[in-house]
Structure formats: structure tokens, C-alpha cells
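For reference, the structure discussed in these notes is given below.
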């Protein structure tokens, strides 16, 4: 660490010779009323290059932070108003542009409309923002497919999300943790159309203001909200067709705003069916000698349906206080039918038997969330106080029907087994938080807050054997348990601008208590631990071209609730999943350094160290035939990554956003069964490039390409894959509507192989991913007005991630 401290000292010391400040102002109309949603551009003189772009808030105010001293041009525009310009000089820490008046336009709408294109990728002091609605190749896809295209993000064929090769990623929606397991989250994202999403924030090292959960960082999905004055809305309808699946989705956003309240409603429905296939070989070893062999061929069909609805109202109690009420409901259904053919062989690879296995999984999850927020801004500074309370309820009733037909080596029928697993799971989640922001002299601020959450989980899984046409319960394989978790947290975050150096430092304290009880055998577990989680950010704008950014922080990854339940659930003829109540939380330390040139070229180097790394591993059962997947703590894990990113408007009609990530995972220690993980791994390349072409004012084209080389993750190696997608977008009805055609995975190259090496177990497989399809999407916006709504936060942000089945 000593060289790092020396580097940090010289970065800070060498940057005190520069100065920055803030530029603020207010926009009123010709009736002296505040104008919300006006586009304010700050252009550097003398070249008038756009320096920053933002929109005014509900009170018509704007503030540009961390602006270099010098001369600027302020340009203000909004549909229905005449544009305005103002010359301004930034000399002090705070420059007030005063009140700027916009006059109503007297010309036609298209003659005064000024459009500003938001960049696809934006780098901030503690996050990377990807404005995915700027990428037309995302149109018609779903949220899970969209995540694959993000820089540094990987999604496995079964929907597991990693960031720069690291698991433990906390995926949130509008700042609220989804409260779902990896499987349920993948199902939810699969049924969420990308047309509902405005942007995605990637935080490899979230500040102390955010929950400490998620060692891989946070991916925050921010949905679109049409919140203009008067009555406005947006309607989207899309369909997709491929060789092996089809889909359609639709959404409707409605908004009505007055000077007293803002009411909005968002509805979406999605349907998709798909097909996957795979084959695999499992060699069961006795030391270095082959003991037996299993070969499987799997085919699966899935049908997913989802209806999502959210509504909210902002009540403007006064000019200083806003009361927000929100509610959402998600009603989903899934049907997964797996057919597996298993062939067994002896040590000489001579066939010993076979089994035809069928598993039908049916689930209809239902969840709803309701919340209330009070926001108070006592003055025109950044001073603010808010309090949030929300409640969530999740209900699952999955049923699994398993049928096995067993045959001898000659194909003669031996017997039939029928199993039904009836599961019922309910989660009650209550969260509350309060936050306060206070400005400090000299362009600084302090943020502080408290949070408390309580989660209660009820699980009842009954294992039935079918005997003579009747379901007979097997108590030895059934499970009935109650789990609870309480997390209390407090944080303080300090922000200060020292000339050209911005410093952000924070500390978060979390107390966690978890209790679980098995009702059928009186077994129980109890965990109680306290943690401090510091974060540090230093951003040094060396000059107009060069910037250095340093980040450091500590995080925790708590086990998913279902991972602690020791219930054994069959997944195929020879594979089962079983929870582990002895899991410990994963503690992670993260550090990274980024150099950027002209806000165009970025180089990032990062390093992570994990203790008690959480990973689901394969275990050979004592019968030397079946295999169990079980969550396990690995004593030590290390990883590093180097990112190279280039984002540039090369010519007026061509823009590229390209990121190449090199990363490597290293694991050390011994698992429960004595298997050693002393493996250095190897370097993996993850390449994501988006290229957009502006053919005319109404027609644009895009080409997306993603590639990932071989990668190693604990004892597993995944093969390389690539995806090429093309899209075309035609604007209709004077820009109010659009029609987009998206050709996804046109080369059909997303399939990949895999291999696993564990104690006395070697597996090889190949998964076929049938994602090639043509997607056609129509979108239409109606109404007009000024953007006004700001989104609220949730009082329970960390707990929902671990709530899966």
C-alpha cells in the first residue's frame, strides 16, 4: 500500500494550483413562473464546445458543479419557448447567473425545438452511466439482454450476472434492490422490455450512502418516467421472431401534472417462449482412474409471462416540501419443461443403463411494494432532508413434477419414479431510512443518514413420492423453516472541492442479525455481526485534457436467503441443489485508479480481495453417482482488471463507444470436501463496441458487437463467444413516433462450451444459445409539456436481493 499512498499524496499536492467553481441560476417564463425541464447547455469559450448539459428542476433552478474557471456561454432552450443565451465568467467558487427569462414561442413547434443528444456513456466520480435509450440496437430486447451489452458486464446462459468477472453484483431498479435470487432476477429482467429503461448506472465501488451489500458492485437500472406538464404518455409495442422462440411486449406510460400534484402510471406486459439445449459428460474419478461415466442430453422449453404496473403521485405541499406516494405490483408466471436423457457407463465406458428424466417447473410469483417519501428543501442551497418508508411482500408457490424412466443396458424398461415437490415461500420486508444533506463553506457538503430493515421469510417445501397414483409425503426430504434478518445502518459522507481536486470520503456502519429455525427437526442457526465500511474517492482534474480518479472501499456479500435453507431440490436426473446454513458473509476490499484524456479515452486499473468468497460448487455425493450443487465459502479470492474505453464522435454522422476489459480471477484455499483451489487462472478479454450512424434527420443505423474470450471462475472454465447485432430506426409523425428493426445475434455465435474440475469430478459440456431473432418495435409519444418529476428512493435497498427460491 505504501506506493499507493505516495502516489495519492503527489496527485493531491500537485493539483492545488488549479481552481474550480459552481455556476447556478434560475429559469422563469414571461409570467415569472419557474420553468422545469429546460435544457441548459454550458459551452466553453472561445470554441463554444459543449462542456456540460443538464435540465432545470421543478423550481426552475440549475447548478453546474466542478466548472473550470473561465468564460462560458449559457444556452437555454425548451419546446414552446424562444431560446436564450447568456455570457458568463466563472471566477469564484460560486457564480450566480441570476434569473433568466424564457419568452413563449410564437413560431411553429418544429422551428423552435432544439434537441441535445445525450452521450451513450458518461463517467462520474463514483460511477459509469450508460444512457441505454440512446442505443437503438437495444430496442425490442429485454433488460437481461441489455445487460450483456454493458461494458464489463457478463451474463451466463442461465442468467447469472457478473461484473468484470466478479459475482456478488447487486442489481437494483430505480435505486431499490430487487429482493430476488439470481434465478428470479433473471426471470424478472427477461420479462422487462428495454423500452422501459432510460439509463443504467454501474458502480464498482458505491459510496457509503449506498448499502454495503454486493461485493461485485451495484448495477442500478433506472426506468423511464414520462412526467411532463398536462396530460402526456408513451406507448410501445413490439414483437420478435426467431428459429426457436418468439416474443412480444407492450408498455403504456401515462402522466398528468399540475402545479399541485404530479400523477403517473406505468404498465407493461411481456410474453416470451424459448428453447435451449445442451449436452454434457461427467467423469467420476477414483484418484486418477475413471470409475464411471455419465452422458446427458438436455432440452428445455420455457414460457414466461409478466405484467408489471407501477403508479405514484407527487403532492407539492409547498415550495419547499414534496410528499411522494408510490406503489408497484408484478404478476408473473413461468413454465419450464426440461427433458433429459442420461446414459451411464462403467470404468471401461461400457453402457450400464439409462434414464429418461422429465422435470416440469411451474411458478406464479406475485409481489407488490408500496412506499412513502417526504422531501423537504428549506432554502435554495443543496440542503435537504428526506424520510422514506416502504413495505414489500413476495409470494411464491412453485411446483416441480419429476418423472424418471429407468432402463437396463439393452433398453429393457426397469421402473418408473414420480416425484412432486410443493413449495411455498412468503417474504415480508419493511424498510425505513432518513437522509440529510448539508452544505459546507468552500463548495462542500456533508451527507448523513440512518436506515433499518427487517425481513421475515417463510419456507415450506414438501417432497412427495407417487405411490399407486397417490402423493405420499417424505418428511426426510421435506423442509419447513422460518428465517428473519434485521440490518441497522448509519452513514456519513463528506464531499469537498479543493481547487481542481474533488474529494469524497464516507463511512458506513451496519449491524446484521440473522435467525433461522427448522420447524420439522428443531434445528436452528443464529448470526450476529457488525461491520464498518469506508469509501474514498479522489478526482483530480490535472488540466483541460487529463483527469485522474482514485477509488477505495470495503463491501459485504450476504448469502441469499434460499442459499441458507438446507433443502435438497432435484434439477435433473443426477443433479440437485442444496442450501448451506453454515455460510459466512463475503468481505471484499476494492481499489481502482482511472486516467482519462479529454473525457474521451479512459484507462482503469482495479484490484479486489475477498475473504470467504461465496460460490456455488459441484460436489460428488457419497453414492458416487449423483451430484449436488451447494453454496460454499472459499477462503481467499483475488481479481484484477484493466479497462480501456474510447467514446468519441469521430465525424458528424459516426459515433463509437468501445470498451475492452482484461481481467483475471485467482482463488486460494480449501472447500468443505477438501478440494484445493490454489489456481492462478488466466487473463480474459471482454470487448463491447457500439457504433451509430446518422443517415438523415429521420433515419439512423447501429451496429453492436460483443466478444468474450475463455474465462475461468473457481473450478469452471467457460468458452469464448461473440454476438453481432444490427438495428435501424426510422422516425415517424414528425418525430413523435418511431419504428425500429433489430437483428439480434445475426451470426448465431452466442453458444459456448464449459468444463468443471472438482474433487473426483470432471465435467465437460456445451450450451446452445438460440437468441438469433428479428425484432420489430413501434413507439409513439403523445402530449407535450415540461419534464418535472424527480424519482424517490427506497427505504429498503439491500435486503431484496437475497429473497429467491
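The values are calculated or read from the model by the stated rules, or taken from the named source; none is laboratory data. All of these numbers come straight from a predicted model, not from anything done at the bench. All Cβ positions, glycine included, derive from the backbone under ideal geometry; neighbour counts span all protein chains shown.
Any idea how many residues of the stretch 347-371 are surrounded by 18 or more Cβ atoms within 10 Å (Cβ to Cβ) and either in a strand (DSSP E or B) or outside the structural domain of residue 414 (by TED's automatic domain parsing) (or both)?
Result for the stretch 347-371: 9.
Could you please tell me which pairs satisfy a Cβ distance under 7 Å, a separation of 6+ or placement on different chains, a first residue in the stretch 598-611 that is within 15 Å of residue 540 (Cα to Cα), and a second residue that is loosely packed, with under 14 Cβ neighbours inside 10 Å?
Correct list of pairs: 598/545.
Counting just the residues of the stretch 208-254 that are within 24 Å of residue 732 (Cα to Cα) and outside any strand (DSSP E or B), which one comes out modelled with the highest pLDDT?
Across the stretch 208-254, the extreme among qualifying residues is 229.
If residue 690 satisfies all but one of (1) in contact with a helix residue (DSSP H, G or I) (Cβ under 8 Å, 6 or more places away or on another chain); (2) outside any strand (DSSP E or B), what's the number of the condition it fails?
(2)
How many residues are more than 30 Å from residue 569 (Cα to Cα) and in contact with a helix residue (DSSP H, G or I) (Cβ under 9 Å, 6 or more places away or on another chain) when one looks only at the stretch 313-370?
Here the count works out to 0.
Mind checking which residues of the stretch 655-700 are in contact (Cβ under 8 Å) with a residue 60 or more places away in the chain and closer than 30 Å to residue 729 by Cβ?
655, 657, 659, 661, 686, 688, 690, 692, 700
So for the stretch 502-516 (the condition being at pLDDT below 85, surrounded by fewer than 20 Cβ atoms within 10 Å (Cβ to Cβ) and more than 16 Å from residue 581 (Cα to Cα)), does at least one residue qualify?
Quick first cut of the stretch 502-516, residues at pLDDT below 85 only: 516.
Filter again for surrounded by fewer than 20 Cβ atoms within 10 Å (Cβ to Cβ), leaving none.
No, there is no match, as no residue in the stretch 502-516 is at pLDDT below 85, surrounded by fewer than 20 Cβ atoms within 10 Å (Cβ to Cβ) and more than 16 Å from residue 581 (Cα to Cα).
Grab the strands (runs of 3 or more DSSP E) fully contained in the stretch 571-641, keeping just those with 1 or more residues being in contact with a strand residue (DSSP E or B) (Cβ under 7 Å, 6 or more places away or on another chain) and under 24 Å from residue 552 (Cβ atoms). Spell out how you get there, then give the answer.
Numbers: elements: 575-578, 586-597, 601-620.
The strands (runs of 3 or more DSSP E) meeting that bar are 586-597, 601-620.
Residue by residue through the stretch 450-468, note down the ones that are outside any loop (DSSP other than H, G, I, E, B) and surrounded by fewer than 20 Cβ atoms within 10 Å (Cβ to Cβ).
Keep residues of the stretch 450-468 that are outside any loop (DSSP other than H, G, I, E, B), which gives 450-467.
Matches in the stretch 450-468: 450, 452, 454, 456, 458, 460, 462, 464, 465, 466, 467.
Considering each of 389, 419 in turn, give the residue that is more than 33 Å from the chain's Cα centre (by Cα) and buried (at least 17 other Cβ atoms within 10 Å of the Cβ). Spell out the reasoning first.
Numbers: 389 fails: more than 33 Å from the chain's Cα centre (by Cα).
Of the residues listed, the single one that is more than 33 Å from the chain's Cα centre (by Cα) and buried (at least 17 other Cβ atoms within 10 Å of the Cβ) is 419.
For the stretch 519-567, how many residues meet the condition of being assigned to a strand (DSSP E or B) and surrounded by 17 or more Cβ atoms within 10 Å (Cβ to Cβ)?
We begin by selecting, within the stretch 519-567, every residue assigned to a strand (DSSP E or B); these are 524-541, 546-557.
Subset that is surrounded by 17 or more Cβ atoms within 10 Å (Cβ to Cβ): 527, 533, 535-541, 547-557.
Within the stretch 519-567, residues that are assigned to a strand (DSSP E or B) and surrounded by 17 or more Cβ atoms within 10 Å (Cβ to Cβ) number 20.
So for the stretch 273-296 (the condition being under 23 Å from residue 329 (Cα atoms), in a strand (DSSP E or B) and under 30 Å from the mean Cα position of the chain (by Cα)), does at least one residue qualify?
Within the stretch 273-296, the first condition is being under 23 Å from residue 329 (Cα atoms), and the residues that meet it are 273.
Those left that are additionally in a strand (DSSP E or B): 273.
Of the ones still in play, those that are also under 30 Å from the mean Cα position of the chain (by Cα) are 273.
Looking through the stretch 273-296, at least one residue is under 23 Å from residue 329 (Cα atoms), in a strand (DSSP E or B) and under 30 Å from the mean Cα position of the chain (by Cα).
Conditions: (1) crowded, with 20+ Cβ neighbours inside 10 Å; (2) within 23 Å of residue 661 (Cα to Cα). Residue 738 meets all but one. Number of the miss?
(2)
Can we say residue 433 is farther than 30 Å from residue 350 by Cβ and surrounded by 18 or more Cβ atoms within 10 Å (Cβ to Cβ)?
yes
Does the stretch 309-318 include one or more residues that are over 30 Å from residue 229 (Cα atoms) and assigned to a strand (DSSP E or B)?
Step one: list which residues in the stretch 309-318 are over 30 Å from residue 229 (Cα atoms), which gives none.
No.
Taking residue 267, is it within 27 Å of the chain's Cα centre (by Cα), in a strand (DSSP E or B) and free of Cβ contacts under 8 Å to residues at least 60 places away in the same chain?
Numbers: within 27 Å of the chain's Cα centre (by Cα): yes; in a strand (DSSP E or B): yes; free of Cβ contacts under 8 Å to residues at least 60 places away in the same chain: yes.
Yes; evaluated as a whole, the condition is true for this residue.
With within 22 Å of the chain's Cα centre (by Cα), at pLDDT 90 or above and surrounded by fewer than 20 Cβ atoms within 10 Å (Cβ to Cβ) as the only criterion, which of 709, 645, 722 stands out? Give the derivation first.
On the way: 709 fails: within 22 Å of the chain's Cα centre (by Cα); 645 fails: surrounded by fewer than 20 Cβ atoms within 10 Å (Cβ to Cβ).
From the options 709, 645, 722, the qualifying one is 722.
Given the structure, is residue 39 on the phi < 0 side of the Ramachandran plot, modelled with pLDDT of 85 or more and within 31 Å of the chain's Cα centre (by Cα)? Before the answer, list the steps.
On the way: on the phi < 0 side of the Ramachandran plot: yes; modelled with pLDDT of 85 or more: yes; within 31 Å of the chain's Cα centre (by Cα): yes.
Taking the combined requirement at face value, the residue satisfies it.
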